[in-house]
Amino acid sequence: MMRTMPILRLLALVLALVLPAAASAQTAPAVPSLPQLTAPAQPATPGSTAPASTPSPEAAKALADILKDDAARAALIGELERLAQPVAAGNPAAPADAASTEPADASAVPLAREIGSVTQDLSRQVVDVVLKIGRGLGNLARLFDGSAAVNWEGVREQGLALLILVVFAFATLNIARFIARWPLGAVERVAKDKPLPRRVLWSGLALLIDWAVIGFAWFATSAYAIAASGGGRIDLMQSLFIDAFVVIEFLKSCLAAVLQHRRPSLRVFNLEPTTARFWYLWLSRLISFLGYGVLVAHPLVNKAIGFSVGIGFRLAVVLLTLIGATLLVTFKRDEVRNGLFPLLEPVRSTVLRTILALLIHGWHVIVIVYLAVAFVLWVSRPFDAVDYMAWATVETVFAIIIGGIVDSLLSHAISGGIRLPADVKKTLPLLEARLNMMVPLFFRAVRMLLVAVVAAVLLQSWGVIDLIAWFQSDGGTEAVGRILSAAIIVLAAGGIWLAASSWVEYRLNPSLGRITNARTRTLLSLFRNAFSIVLVIIAAMLTLSQLGVDIAPLVAGAGVVGLAVGFGSQKLVQDIITGAFIQFENAMNEGDVVTVAGLTGAVDRLTIRSVGIRDADGVYHIIPFSSVTSVSNAMRGFAFATASVNVAYATDLDEAKSAMREAFDRLMEGPKGAVILEPLDIWGVVSFTAAGVVMKARIKTLPGEQWGIGRLYNEQVKKVFDERGITSSF
């Protein structure tokens, strides 16, 4: 029904505007809210004809507004074509509400139509600007074809008086500046070799003196014009010249204050004298040519020849100024670029430094585009182009400065990294490193957001997009809300990961006096890895969901991909499953000495799919759990240190056993006696060799101590055998 209402409203408006008076008695069906479209018909008097109904202003305005909408206009055309088709006999026309059942494409077309409309508008504007330029310059041809007559008498009358006023104005200005040389010289001598902040103050004082000189010249010129007029009123052309004179000299004074080509001691920027003199000379010439051409010569041409020729003259002056500025910028692009690059040295921010480097490298393109945009705006909208360009320029400069300041503050804030108190570092040694890893990432995201905001402000300032209207719209509000929600989810996920990692680190920190066994260390490390993976997946899904991405197909696709990966990566799945069961059975932990897949060494690292073994030579081996068929762990409960003692056939076995027990007693009295759990277990003779017999014994120790106890016991056996003169069978 919502789609039917615009069509019915359009039909009612058309009927009210085009049908005769008889239609005024009809009403638009299904549009009860439609306002009165036509003025009420006057009753017909005898002998008179019924006048056609006159459309009301409200109806005409409503129809004009609706016809401006492309979608509504297309719907109206379609409905009129449907009504124009002949109706078959016995098949009455479908009611208006039936239009609601038709799948109109009005909602599917706007994006394409909007793009086309923008393209058409841009093309029309470009053609309009070109035609305006052509027509304006074409008016100058009237000077040569004789169609424009020059009022030479008026030119002589006003030209002579204006010429005298011009000579007086510039003579007064030069005399005043000659007198001002003494105070300006004193300011220059005081400011010599002063630091930059003081030089800026003294340069500002010199600028105020120059403005006072211009003000004096303006006052004297105005007084002379009033006195010369005789009637107390200044002629229009003389008034226009005085205004242009003040504005142009004011701009040239500001330019001189920046470049300081005459007073190097007041110079704020490090410019060569020849460079400063060159830029002041040519820029002041362009300012004078444009100012006097538009503000003085153009009105004079209007008055002496005609407005059409005056329009062409003004356009030619502005176009010549644009061409001159473009040529000046193009010829000096390399010199200015080389002079601007040293300004990047004090900039610390990488982002700001990169942006400024790009701007400096293409400064001439930016200036030329700026001048071209200003010219096009002046041609297309001459009445408010100056105000528009001024405000857009101020907003652009302000946005760039604020963005640069904020970026510099961010860079300064993280330049030294995050430093935690000593007690926190003692409790959580890795927290500072994690913060120094996460905080720069966060500030990098903030910088990207800052660049996006500055770019959006620039586009808003130049009218490329209407950012404020977009924010106020339902779509803009929803988009901003989604982005903020996604950012909050990412920040919350980062905080949760940091808290979980810090908790695991706290539990594993031996400096806090906690006794943590190898199994706890292994499980906590695996928990940290698994929790990180799960957290990343959940945060990614929630973030995508907040950004408007339908995650249901992603989950389904992930299932299909997982199934395909499962078939194609059976070894990987087997690694994970086997590793899970190994951990459930507590077969090995970090620090254990194990034999796995034919390799013996200490467990250096455990993951969900592999184990890292470092052997006695220091070689690190990674063994997938799918290759593990058995685990031999030498670190469970207790261990045995075995000793094989070779004695000659002539040796008394009881004497040999007594010597072995004495060696064990000496071992028990030493510092390692505490790790021995039971008395010496002598097995007796276990084998015969060509030189003698082999006697074997074992010592029960704490797990991990068997190798050290075995070596110490062998040393004690050697010493006791030497003391008793027992000969080994070697």
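The values are calculated or read from the model by the stated rules, or taken from the named source; none is laboratory data. Fair warning: this is a prediction, and the values are worked out from it, not measured in the lab. Cβ sites come from the backbone with ideal geometry, for glycine too, and all protein chains shown count toward neighbours.
The set of residues in segment 271-326 being charged (D, E, K, R) and either part of a helix (DSSP H, G or I) or touching a residue at least 40 places away in the same chain (Cβ under 8 Å) (or both) consists of ARG277, ARG285, LYS303, ARG314. Summed over segment 452-482, the residues that are closer than 26 Å to PHE398 by Cα, part of a helix (DSSP H, G or I) and of a type outside the set (Ser, Thr, Tyr) give a count of 17. SER415 meets all of the listed conditions (1) of a type in the set (S, T, N, Q); (2) surrounded by 13 or more Cβ atoms within 10 Å (Cβ to Cβ); (3) modelled with pLDDT under 80 but one, namely (2).
Which of the residues belonging to segment 289-323 are closer than 21 Å to PHE245 by Cβ and within 38 Å of the chain's Cα centre (by Cα)? Those that are closer than 21 Å to PHE245 by Cβ and within 38 Å of the chain's Cα centre (by Cα): VAL318, THR321.
Test LYS303 against the stated conditions and say whether it is among the basic types (Lys, Arg) and more than 26 Å from ASP210 (Cβ to Cβ). Yes: the conditions hold for LYS303. Taking segment 475-486 only, how many residues are more than 18 Å from the chain's Cα centre (by Cα), at pLDDT 80 or above and either exposed (fewer than 12 other Cβ atoms within 10 Å of the Cβ) or within 30 Å of ALA372 (Cβ to Cβ) (or both)? Within segment 475-486, residues that are more than 18 Å from the chain's Cα centre (by Cα), at pLDDT 80 or above and either exposed (fewer than 12 other Cβ atoms within 10 Å of the Cβ) or within 30 Å of ALA372 (Cβ to Cβ) (or both) number 1.
Each row is one residue, and each column tells you yes or no for (1) more than 26 Å from the chain's Cα centre (by Cα); (2) closer than 29 Å to LEU165 by Cβ; (3) not hydrophobic (A, V, I, L, M, F, W, C).
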residue: GLN260; (1), (2), (3): yes, no, yes
residue: PHE278; (1), (2), (3): yes, no, no
residue: LEU344; (1), (2), (3): no, no, no
residue: LEU356; (1), (2), (3): no, no, no
residue: VAL365; (1), (2), (3): no, no, no
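Selection of first residues in segment 548-561 that are at positive phi and of second residues that are modelled with pLDDT of 75 or more, restricted to Cβ pairs under 9 Å at least 6 apart or on distinct chains, gives the following pairs, ordered by first then second residue: GLY548/GLU478; GLY548/ALA479; GLY548/ARG482.
Beta carbons closer than 7 Å, at least 6 apart along the sequence or on distinct chains, pair a first residue in segment 175-203 that is in a helix (DSSP H, G or I) with a second that is surrounded by 13 or more Cβ atoms within 10 Å (Cβ to Cβ) and hydroxyl-bearing (Ser, Thr, Tyr) for GLU188/SER265; ALA191/SER265.
Assigned to a helix (DSSP H, G or I), surrounded by 17 or more Cβ atoms within 10 Å (Cβ to Cβ) and either in the same structural domain as GLY159 (by TED's automatic domain parsing) or in contact (Cβ under 8 Å) with a residue 12 or more places away in the chain (or both): which single residue out of ALA223, ALA212, ALA206, ALA228 fits that description? Just a single option satisfies the conditions, and that option is ALA206. For segment 613-626, filtered to residues that are over 20 Å from ASN586 (Cβ atoms) and small (Gly, Ala, Ser), the residue that is surrounded by the most Cβ atoms within 10 Å (Cβ to Cβ) is ALA616.
Name the residue, out of MET660, MET635, that is assigned to a loop (DSSP other than H, G, I, E, B), touching a residue at least 12 places away in the same chain (Cβ under 8 Å), of a type outside the set (D, E, K, R) and crowded, with 16+ Cβ neighbours inside 10 Å. Exactly one of MET660, MET635 is assigned to a loop (DSSP other than H, G, I, E, B), touching a residue at least 12 places away in the same chain (Cβ under 8 Å), of a type outside the set (D, E, K, R) and crowded, with 16+ Cβ neighbours inside 10 Å, namely MET635. Among all residues of segment 376-386, there is none that is out of contact with any helix residue (DSSP H, G or I) (no Cβ under 7 Å at 6 or more places or on another chain), modelled with pLDDT of 80 or more and not basic (Lys, Arg).
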